[in-house]
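Undergrad: Dropping the structure in here first, questions after.
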Amino acid sequence: MAIEEINLKEAVLWEGADGKKVQCKLCAHRCEIGEGKVGQCCVRKNIDGVLYSLTYDKVCSANPDPIEKKPLFHFQPGSRSFSIATMGCNFRCEFCQNWQISQAAIESGRIDGEPITPEQIVEAAVRGGCKSIAYTYTEPTVFMELCNDCGRLAKERGLTNVFVSNGYMTREAIDFAGDWLNGINVDLKAFSNGYYRRMCKGRLQPVLDTISYIANETDIWLEITTLLVPGENDSSDELKKLAEFIVTKAGVDVPWHISRFHPQYKYLDSVPTSLGSLERAFEIGKAAGLHYVYLGNVPGAKFESTFCHNCGRMLIERIGYRIATNSIEDSKCPDCETEIAGFDL
Ligand code: SF4
């Protein structure tokens, strides 16, 4: 794509490095980018010593979704979230479920999308009866400029903002979004650095740092998702360590979503996660002390619904992404008055 064809937006969170090099400070790669080159996400480019976003005016997905689809189960339950993405990602997961839009810029330099302005996005969300805007499907960190402009406008119009993220962002990026970001689902893909290196071309520690920081130093509502890939990240020992990390560094009230893997993209030789494996992970999460553990893509009230962790009453009954009943009153169980953690429950 010729540079003149791109409506460039100067990037946020970067600084000049040696010569005409720049350093991007959005994600933990902290790419140093030479003149005329792009960072590892392939959607941020150094032109004449200035870093630009190449995707600001290229929205590739825009749909109203149930907030449960993110998944966020303790955040404005039953509401719709206007969900947007642009192309690109800072990871290269071999099993990515959205690889057509997340990996195209990396594989072929292709960046497709429509020039939809932040005003139009927020207006569409309001008209569609959505309570929030979700930055999702690809990694929102790498399109932070659009998130920031939409997020601020959305806040002015009384909407909330949520990220669905791989958590590979810097602390500076979290602080930058802190004014308008209300909720986040972070993928904790495994509890092994080798897995992150091999499967995602990233590292585990920055993701752990993001989780601890958000849980302890911000007001952003946090949920965590782990995709269980057979034979890769599903040993009982690893899952126990992962669940114990959530308990000790994020807290027992952080919901943990364990989701079923289906062969995708470059990872086609595997099999879908067995129900037995998912149930074992569920029990490990509960045994570690987590109050809210959910299974994704496994229908059944026991795994999809929210129960009071004190008296066991079913509080939110989910059937897929649909809420059948919600009996939480003022964020409390109506029977035993135990506080149920969440945002706008
Ligand atoms: S967002 Fe991450 S991968 Fe992209 S240029 Fe910045 S530091 Fe590099």
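Undergrad: If Gly231 meets every condition in (1) assigned to a loop (DSSP other than H, G, I, E, B); (2) open to solvent by less than 30 Å² (accessible area, probe 1.4 Å) apart from one, which number is that one?
TA: Of everything listed in (1) assigned to a loop (DSSP other than H, G, I, E, B); (2) open to solvent by less than 30 Å² (accessible area, probe 1.4 Å), Gly231 misses just condition (2).
Undergrad: Look at the stretch 233-266 and say how many of its residues are in contact with a Ser or Thr (Cβ under 7 Å, 6 or more places away or on another chain) and farther than 23 Å from Leu72 by Cβ.
TA: Residues meeting the conditions: 3.
Undergrad: For residues that are open to solvent by less than 40 Å² (accessible area, probe 1.4 Å) and at pLDDT 95 or above, scanning just the stretch 1-12, find the one that is nearest to the ligand (Cβ to nearest atom).
TA: This residue is Ala11.
Undergrad: Being within 15 Å of Ser81 (Cβ to Cβ), touching a residue at least 60 places away in the same chain (Cβ under 8 Å) and not aliphatic (A, V, I, L, M) narrows it down to one of Asn185, Asn166, so name that one.
TA: Within the list Asn185, Asn166, the selection yields Asn185.
Undergrad: If you don't mind, there's one more thing I want to ask. Would you point out the residue of the stretch 87-128, among those that are polar (S, T, N, Q) and over 27 Å from Asp344 (Cβ atoms), that is nearest to the ligand (Cβ to nearest atom)?
TA: Asn90
Undergrad: Restricting attention to the stretch 23-41, which residues are open to solvent by less than 30 Å² (accessible area, probe 1.4 Å) and within 9 Å of the ligand (Cβ to nearest atom)?
TA: Cys24, Leu26, Cys27, Ala28, Cys31, Ile33, Gly39, Cys41
Undergrad: Something else about it: Residue by residue through the stretch 302-330, note down the ones that are open to solvent by less than 50 Å² (accessible area, probe 1.4 Å) and touching an Asp or Glu at 6+ places or on another chain (Cβ under 6 Å).
TA: The answer is Ser305, Arg318, Ala324.
Undergrad: With respect to Glu123, determine if the residue is of a type in the set (D, E, K, R) and touching a strand residue (DSSP E or B) at 6+ places or on another chain (Cβ under 7 Å).
TA: For Glu123, the condition - of a type in the set (D, E, K, R) and touching a strand residue (DSSP E or B) at 6+ places or on another chain (Cβ under 7 Å) - is not met.
Undergrad: Within 9 Å of the ligand (Cβ to nearest atom) and either in contact with a strand residue (DSSP E or B) (Cβ under 8 Å, 6 or more places away or on another chain) or part of a strand (DSSP E or B) (or both): is that true of Leu51 in this structure?
TA: Yes: the conditions hold for Leu51.
Undergrad: Would you check which residues across the stretch 275-319 are farther than 14 Å from Arg260 by Cα and among the polar types (S, T, N, Q) and list them?
TA: Ser305, Thr306, Asn310
Undergrad: List the strands (runs of 3 or more DSSP E) inside the stretch 265-345, counting only whole elements, that have at least 1 residues being closer than 19 Å to Trp221 by Cα and either without any contact (Cβ under 8 Å) to a residue 12 or more places away in the chain or not aromatic (Phe, Trp, Tyr) (or both).
TA: Filter on the stretch 265-345 gives 293-296, 314-319.
Undergrad: If a residue must be crowded, with 19+ Cβ neighbours inside 10 Å, in a helix (DSSP H, G or I) and in contact (Cβ under 8 Å) with a residue 40 or more places away in the chain, how many such residues does the stretch 234-251 contain?
TA: Looking only at that region, the number is 4.
Undergrad: Filter the stretch 119-139 down to residues that are surrounded by 21 or more Cβ atoms within 10 Å (Cβ to Cβ) and not aromatic (Phe, Trp, Tyr), then give me how many there are.
TA: Residues flagged as surrounded by 21 or more Cβ atoms within 10 Å (Cβ to Cβ) and not aromatic (Phe, Trp, Tyr) within the stretch 119-139 amount to 9.
Undergrad: Starting from residues that are within 27 Å of the chain's Cα centre (by Cα) and open to solvent by 30 Å² or more (accessible area, probe 1.4 Å), keep the ones in the stretch 13-22 and report whichever is farthest from the ligand (Cβ to nearest atom).
TA: This residue is Glu15.
Undergrad: So which residues in the stretch 39-83 are touching a helix residue (DSSP H, G or I) at 6+ places or on another chain (Cβ under 8 Å) and among the β-branched types (Val, Ile, Thr), if there are any at all?
TA: Those that are touching a helix residue (DSSP H, G or I) at 6+ places or on another chain (Cβ under 8 Å) and among the β-branched types (Val, Ile, Thr): Val43, Ile47, Thr55, Val59.
Undergrad: Going by the conditions given, is Ala190 of a type in the set (Gly, Ala, Ser) and either open to solvent by 30 Å² or more (accessible area, probe 1.4 Å) or within 13 Å of Arg171 (Cβ to Cβ) (or both)?
TA: no
The values are calculated or read from the model by the stated rules, or taken from the named source; none is laboratory data. Not measured: the values here are computed from a predicted model. Note that we place each Cβ from the backbone using ideal geometry, even for glycine, and neighbour counts take in every protein chain shown. The accessibility values were calculated without ligands, DNA or RNA, using every heavy atom of the protein model including side chains. Shrake-Rupley method; radii C 1.70, N 1.55, O 1.52, S 1.80 Å.
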